[in-house]
There are 4 protein chains.
Amino acid sequence: MLKVAIVGASGYTGVELLRLLHCHPEVAITCVTSEQSAGKAISEVFPTLRSRYNLVLENLEPVRIADRADFIFTALPHKAAMEVVPTFLKLGKRVVDLSADYRLRDAKEYEAWYEPHMNPTLLEQSVYGLPELRREKIAGADLVANPGCYPTSVILGLAPLLKKKLIDPATIIADSKSGVSGAGRSAKVDNLYCEVNDGFKAYGVGGAHRHIPEIEQELSLLAGKQLKISFTPHLVPMDRGILSTIYATPTGAVSSAELLELYRAYYQGEAFVRILPEGSFPSTSHVRGSNFCDIGLAVDNRTGRVVVVSAIDNLIKGASGQAVQNMNIMNGFPENLGLEALALFP
Amino acid sequence: MLKVAIVGASGYTGVELLRLLHCHPEVAITCVTSEQSAGKAISEVFPTLRSRYNLVLENLEPVRIADRADFIFTALPHKAAMEVVPTFLKLGKRVVDLSADYRLRDAKEYEAWYEPHMNPTLLEQSVYGLPELRREKIAGADLVANPGCYPTSVILGLAPLLKKKLIDPATIIADSKSGVSGAGRSAKVDNLYCEVNDGFKAYGVGGAHRHIPEIEQELSLLAGKQLKISFTPHLVPMDRGILSTIYATPTGAVSSAELLELYRAYYQGEAFVRILPEGSFPSTSHVRGSNFCDIGLAVDNRTGRVVVVSAIDNLIKGASGQAVQNMNIMNGFPENLGLEALALFP
Amino acid sequence: MLKVAIVGASGYTGVELLRLLHCHPEVAITCVTSEQSAGKAISEVFPTLRSRYNLVLENLEPVRIADRADFIFTALPHKAAMEVVPTFLKLGKRVVDLSADYRLRDAKEYEAWYEPHMNPTLLEQSVYGLPELRREKIAGADLVANPGCYPTSVILGLAPLLKKKLIDPATIIADSKSGVSGAGRSAKVDNLYCEVNDGFKAYGVGGAHRHIPEIEQELSLLAGKQLKISFTPHLVPMDRGILSTIYATPTGAVSSAELLELYRAYYQGEAFVRILPEGSFPSTSHVRGSNFCDIGLAVDNRTGRVVVVSAIDNLIKGASGQAVQNMNIMNGFPENLGLEALALFP
Amino acid sequence: MLKVAIVGASGYTGVELLRLLHCHPEVAITCVTSEQSAGKAISEVFPTLRSRYNLVLENLEPVRIADRADFIFTALPHKAAMEVVPTFLKLGKRVVDLSADYRLRDAKEYEAWYEPHMNPTLLEQSVYGLPELRREKIAGADLVANPGCYPTSVILGLAPLLKKKLIDPATIIADSKSGVSGAGRSAKVDNLYCEVNDGFKAYGVGGAHRHIPEIEQELSLLAGKQLKISFTPHLVPMDRGILSTIYATPTGAVSSAELLELYRAYYQGEAFVRILPEGSFPSTSHVRGSNFCDIGLAVDNRTGRVVVVSAIDNLIKGASGQAVQNMNIMNGFPENLGLEALALFP
């Protein structure tokens, strides 16, 4: 049994890790931490865990934690992660970090979008943990930077087109929509039920969202050249789910059927990517509670653009499920272990 | 008092007309029709109307209706509208038609997207009823084609940019999101609560939605040249509201502040268009239950694109409220009469 | 024009007063206060008010406010209200207080459920402002204690049965369900969208909710004897609405039809109480956005109990709408002025 | 591997069985039927199943099905079930029936609430499948009548009190609230998103719901005497979940702490019943997606009543999860096999 600690267990990605790992046959959770709720039973903070988890939340003391765990998930806000991850690595632990702190290769980019990086050399060592793109590197990594939720949906949605150079990289527009859990569990008026329910809004309009550099980094690698995208996030009155509608202009004549065939070939053998039949498009409700990324697309013959639609559960394939998938790869477990749950529908 | 009939009163736009006109001081509703529910009290079909409306739903017999009403709202599905509107006009009645039947100037376009038109000559006579663009023609019209919900949000969102030729008309992408009431009140599995709740999806992907020709017609008129747009509608788990996120490439250097200034000047004096301050963006929850169209925008300096976001209540500014606004204009009433309600928030 | 101040305008009942009074022909809002947001434009705090209200939120300085207003709504938390209401009264202003501070006749009861009362003599002077029970006293009052949301639904639901002594007062159980806006606008984890959405829970189980003494006071007056009730509140994932399901044992043989007839007679002439036909029961969605209280009932012949179901919009008939109704009565305006809006459905 | 057929697989309980059994290590689904959708791939009807289920829906031909399956779930409407269950039994198959057809012991009761029973002798043979009350009989049964959703929540909530004769059986009132999936997947206006969202209503008021005889049968057995209850169901705008608030008058002095202790003892060792600590009460969101029944209670010292609150996921512990639990018992599998998923929260 792999002894696992979850650092930052009182947020939504933390409880989601606990939920997923409860049914994982190779894992034992030995430690959970929370600065806010240290001393409380985890089942008091999350009554969903009652009668299945008897753990008490602890303070974040890396050395003490490392004593009891061989594998660490850090589910902390950015900056808080880079304050402790190096210690875990020094102590010989392997880490999947769910924050943004080790996703960007370039410390200057990190500084431009966040703040100065505290351990920039680790950026070279960490692996951007999108299994469908980088499975082998993940297998050998000590530090995996778990991708952001929006980036997962956009990168998986565009990878085949960019890899095959079928679209003009200068034309990409990603219009993304997220459920509210993406905003976390902190008490803010903006995220109150009555502020969100029965409404829909855009935010970060005009290229302001911090997931942009991460998306551009990975898309540029796929395209083999530096690109920039227009990206607009939106807030949907639902708990979970991200759907990205992505527009681009093909470099040559293509049909929906051809592109779908290409996607099916590209993602051949992937357990968690499903390419939909022509004329079908994803819904977040068909992936809610699962680790799937569903992708559909259509070529708009009137305007010549291709429109790709991808959907994930932001807390699973967009966070904790992908983190478990990375853990499985890093430990030689079957990649789908503990991740086979189908979407909860309705 | 203007004697008003509502033809097709058992759908959501019908009951919304009744709701709005209950507080209109110049209107008396004399007749409501419904093929499905003829013989039933309107308050049985819509218990919200109890104790305020004692009308009984009637069959659609145009001549009998015309006897009792001087002004007609036709809130019927397309095709059903064009079967009766000519009769009302012949009988000297003025009509606001909420269907798609008289919105397109070109009968061939109507045929391409719908079916052969039954009275194409009326297309020349009808006025596309977007008051902010065509107030004077509406005032003198006998037949006003009330705009669609998506088109209202997109056209108002782009009018200043196109009119001033500030964007390349070939680059327009409108990514629109609608509440569920836009799908009407007919019993379909797809619109069941459990199919829609807590999920988000795209539909009509690839240029398939019937509102496209209507949007293109009006945008082309504004631009002074024929244009085509990419348009993708989405379904949001909420009752009401449309938010359109619209992307375009400016023809020259522009700033967010300049464009907002332009918008404020363009919509100067408009009772129902609100241009938001820089850095603020609309939410459908801020227009829910009102006749407002809220518009915000930002220039994305990284990609050079401008992003316009517009929000309306699809049943009010996107349907019945705009219909009442048109009725007010056609009858010389103050344009905001009966339409001053602020958004119901929360 | 009546010059009106709203003290505590940055909460949900405050903005609802502004929304309702925007369409009230006899009122001019001259002053709005908020300790948290003083100095901000009210339309910045509530974008729904944009272009219609230009007021800036002020600090709560009673004397300065009284200079500019003749009528005061205090929409403050309990305790905060009793700190300022006496000053407004001394300055000759008439007040509708939306807090709990002047609802209970008995200062000891107030102390038992809240804390020591600061001006207990005012409890005799204030009038419990349920217009359907106490219209004449309200008309002459300087201080009206606006009823709580749950109490409004329960008292209106039971008044006819108790007044006519048709039920055993010892058998009353009120199982009430409220939308989330009843919890106010303060930032608490419990009221976050993701904590509330798609779930349902009870709270204050076992007779712990502070609305109990208020309900019992009014029901006891109606019954002519002291009574106690079982009351359990619940939280529904919706913005607005309260529905109370009330059980009691009749003292003799009764039928649903007879009781409905009694209710119709009792509420004869009331503008805002609607008694539903036999076999029909209220839904909060049929009163959402309106000042109505809808009531239905059935006698359960199997168990001999009567079940009354009442529904209101908690922010309107349960708060701000009733406050405006009281203001209308106190000022000799038609009671329904500004309150004729029908429910926003869907 | 147990070969399993799901008869009536195109409804919500059918797809929920498929979802749960996908992760069950001892089961192979060999056959799924649907009269409406025969010939379609199950993954076309439920896109959540894509890439994991390749089954095609078949017509309901019992003999053909029995050839390929050893264990049958009938997830059909009442009446449709009793048309086929006898055939499966004759062919030597074991059946869990999710309809109401074999739940009542008394054919006259069935006739009074439904219609004449077609095979009343089977009523003696079938076992009412609430594992916590009747585990051993279930183990040996060929036909298990899977309990209704409301009954599961009410019976589990009251069993300890009635068994120990601590309450007066004549005083029971169960006020229950259900998510919309309980209404099934058929296309009805009443269940459209816009009719349900953001609203709350009672239905079947006055003792009209068909789950009443089932609840009374089981509670009477527990109490050792015939009893009747008041039961009012309500519709909550959420997908899943039932919460029952149950009132009763104790026969003697009791405290919350004593009763909770009793409940913990009564349900000692039960995998799926969780008794909450004093002062905590269940929420449907804490059981959503799980097979748990959470129970909390309080004695209201003011009125002397006890209030029990129980919560389940209506599609899992209230239907398909309990059906799998029964299947596990009938086949000697560990009772929690395939049922260990924790609630999906948020």
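The values are calculated or read from the model by the stated rules, or taken from the named source; none is laboratory data. Keep in mind it's a predicted model, so treat the numbers as computed, not measured. For neighbour counting, all protein chains shown are included, and Cβ atoms are generated from backbone atoms with ideal geometry for every residue, glycine included. Keep in mind that these areas ignore ligands, DNA and RNA; they rest on the heavy atoms of the full protein, side chains included. Shrake-Rupley method; radii C 1.70, N 1.55, O 1.52, S 1.80 Å.
Identify all residues within segment D:297-322 that are small (Gly, Ala, Ser) and either at the interface with chain C (Cβ under 7 Å from one of its Cβ atoms) or over 21 Å from D:Lys177 (Cα atoms) (or both); write none if there are none. Full working, then the answer.
Keep residues of segment D:297-322 that are small (Gly, Ala, Ser), which gives D:298, D:304, D:310-311, D:318-321.
Matches in segment D:297-322: D:Ala298, D:Gly304.
Scan C:Arg305, C:Arg288 and give me the residue that is open to solvent by 10 Å² or more (accessible area, probe 1.4 Å), among the basic types (Lys, Arg) and in contact with an Asp or Glu (Cβ under 6 Å, 6 or more places away or on another chain). Give the derivation first.
Details: C:Arg305 fails: in contact with an Asp or Glu (Cβ under 6 Å, 6 or more places away or on another chain).
Just a single option satisfies the conditions, and that option is C:Arg288.
Which residues, taken from segment A:227-285, are hydroxyl-bearing (Ser, Thr, Tyr), in contact (Cβ under 8 Å) with a residue 24 or more places away in the chain and under 22 Å from B:Phe200 (Cα atoms)?
Selection gives A:Ser230, A:Thr232, A:Ser244, A:Thr245, A:Tyr247, A:Ser283, A:Thr284, A:Ser285.
Any residue at all in segment D:33-41 that is out of contact with any His (no Cβ under 9 Å at 6 or more places or on another chain), outside the structural domain of D:Asp239 (by TED's automatic domain parsing) and basic (Lys, Arg)? It would help to see each step written out before you state the result.
Of all residues in segment D:33-41, those out of contact with any His (no Cβ under 9 Å at 6 or more places or on another chain) come to D:33-41.
Now restrict to residues that are outside the structural domain of D:Asp239 (by TED's automatic domain parsing): D:33-41.
Among the residues that remain, those that are also basic (Lys, Arg) are: D:40.
The answer is yes; a qualifying residue exists.
List the number of the failed condition for C:Arg105; all other conditions in (1) in a loop (DSSP other than H, G, I, E, B); (2) out of contact with any Phe, Trp or Tyr (no Cβ under 9 Å at 6 or more places or on another chain); (3) open to solvent by 30 Å² or more (accessible area, probe 1.4 Å) hold.
If we test C:Arg105 against (1) in a loop (DSSP other than H, G, I, E, B); (2) out of contact with any Phe, Trp or Tyr (no Cβ under 9 Å at 6 or more places or on another chain); (3) open to solvent by 30 Å² or more (accessible area, probe 1.4 Å), just (2) comes out false.
Go through segment A:162-213 and give me each residue that's within 13 Å of chain B (Cβ to nearest Cβ), touching an Asp or Glu at 6+ places or on another chain (Cβ under 9 Å), of a type in the set (D, E, K, R) and open to solvent by 20 Å² or more (accessible area, probe 1.4 Å).
none
Of everything in segment C:232-258 that's open to solvent by 10 Å² or more (accessible area, probe 1.4 Å) and among the hydroxyl-bearing types (Ser, Thr, Tyr), which residue is farthest from the other protein chains (Cβ to nearest Cβ)?
Here the residue is C:Thr251.
Quick test for you: out of C:Ala38, C:Ala28, pick the one residue that is away from chain B (no Cβ under 13 Å), more than 17 Å from C:Leu98 (Cβ to Cβ) and in a loop (DSSP other than H, G, I, E, B).
Sole residue among the options that is away from chain B (no Cβ under 13 Å), more than 17 Å from C:Leu98 (Cβ to Cβ) and in a loop (DSSP other than H, G, I, E, B): C:Ala38.
Tell me which of these A:Ser99 doesn't satisfy, since it passes every other one: (1) part of a loop (DSSP other than H, G, I, E, B); (2) closer than 19 Å to A:Leu219 by Cβ; (3) under 15 Å from the mean Cα position of the chain (by Cα).
(2)
Looking at A:Ala81, A:Ala112, which one is open to solvent by 30 Å² or more (accessible area, probe 1.4 Å), in a helix (DSSP H, G or I) and modelled with pLDDT of 95 or more?
A:Ala112
Could you list, ordered by first residue, the pairs with Cβ atoms under 8 Å in which the first is in segment C:215-226 and open to solvent by 10 Å² or more (accessible area, probe 1.4 Å) and the second is of a type in the set (Gly, Ala, Ser), at least 6 apart or interchain?
C:Leu222/C:Ala159; C:Gln226/C:Ser220
Could you tell me whether B:Lys79 is over 22 Å from the mean Cα position of the chain (by Cα) and of a type in the set (Lys, Arg)?
no
Whether any residue in segment B:13-28 is closer than 29 Å to B:Leu130 by Cβ, touching a Phe, Trp or Tyr at 6+ places or on another chain (Cβ under 6 Å) and open to solvent by 20 Å² or more (accessible area, probe 1.4 Å) is what I want to check.
yes
Scan D:Glu258, D:Glu218 and give me the residue that is of a type in the set (Asp, Glu), more than 20 Å from D:Glu132 (Cα to Cα) and in the same structural domain as D:Leu156 (by TED's automatic domain parsing).
Only one candidate passes the filter, namely D:Glu258.
Here are some residues: B:Arg64, B:Arg50. Which one is surrounded by fewer than 17 Cβ atoms within 10 Å (Cβ to Cβ) and either without any contact (Cβ under 8 Å) to a residue 12 or more places away in the chain or closer than 28 Å to C:Arg274 by Cα (or both)?
One residue alone meets the criteria, B:Arg64.
Tell me, which residue of segment A:119-149 that is among the acidic types (Asp, Glu) and either over 28 Å from A:Tyr247 (Cα atoms) or touching a Lys or Arg at 6+ places or on another chain (Cβ under 9 Å) (or both) is modelled with the lowest pLDDT?
Out of the qualifying residues, it is A:Glu124.
From the list B:Glu278, B:Glu261, which residue is over 29 Å from B:Arg19 (Cα atoms), open to solvent by 10 Å² or more (accessible area, probe 1.4 Å), more than 8 Å from every other protein chain (Cβ to nearest Cβ) and not in a helix (DSSP H, G or I)?
None of the others qualify; the one that does is B:Glu278.
Given the condition within 14 Å of another protein chain (Cβ to nearest Cβ) and of a type in the set (Val, Ile, Thr), answer yes or no: does some residue in segment A:47-68 qualify?
Taking every residue of segment A:47-68 in turn, at least one turns out to be within 14 Å of another protein chain (Cβ to nearest Cβ) and of a type in the set (Val, Ile, Thr).
State whether one or more residues within segment D:150-159 are more than 14 Å from chain C (Cβ to nearest Cβ), modelled with pLDDT of 95 or more and not in a helix (DSSP H, G or I).
no
Would you mention how many residues in segment C:281-296 are part of a strand (DSSP E or B), facing another protein chain (nearest Cβ under 9 Å) and either under 17 Å from the mean Cα position of the chain (by Cα) or of a type in the set (A, V, I, L, M) (or both)?
Qualifying residue count for the region: 1.
What number of residues in segment A:167-214 are in a helix (DSSP H, G or I) and touching a residue at least 12 places away in the same chain (Cβ under 8 Å)?
Within segment A:167-214, residues that are in a helix (DSSP H, G or I) and touching a residue at least 12 places away in the same chain (Cβ under 8 Å) number 11.
Looking only at segment C:308-338, which residues are in a loop (DSSP other than H, G, I, E, B), open to solvent by 10 Å² or more (accessible area, probe 1.4 Å) and in contact (Cβ under 8 Å) with a residue 40 or more places away in the chain?
Residues satisfying the conditions are C:Asn331, C:Gly332, C:Phe333, C:Glu335, C:Asn336, C:Leu337, C:Gly338.
Would you pick out the residues in segment D:30-47 that are touching a residue at least 12 places away in the same chain (Cβ under 8 Å), of a type outside the set (S, T, N, Q) and open to solvent by 30 Å² or more (accessible area, probe 1.4 Å)?
D:Glu35, D:Ala38, D:Gly39, D:Lys40, D:Ala41
Evaluate the following for D:Arg264: is it under 24 Å from A:Ile316 (Cα atoms) and assigned by TED's automatic domain parsing to the domain that holds D:Glu195?
Criteria not met by D:Arg264.
So in segment B:264-275, with the set limited to residues that are of a type in the set (D, E, K, R) and either in a loop (DSSP other than H, G, I, E, B) or more than 7 Å from every other protein chain (Cβ to nearest Cβ) (or both), which one is farthest from the chain's Cα centre (by Cα)?
If we take residues in segment B:264-275 being of a type in the set (D, E, K, R) and either in a loop (DSSP other than H, G, I, E, B) or more than 7 Å from every other protein chain (Cβ to nearest Cβ) (or both), then B:Arg264 is farthest from the chain's Cα centre (by Cα).
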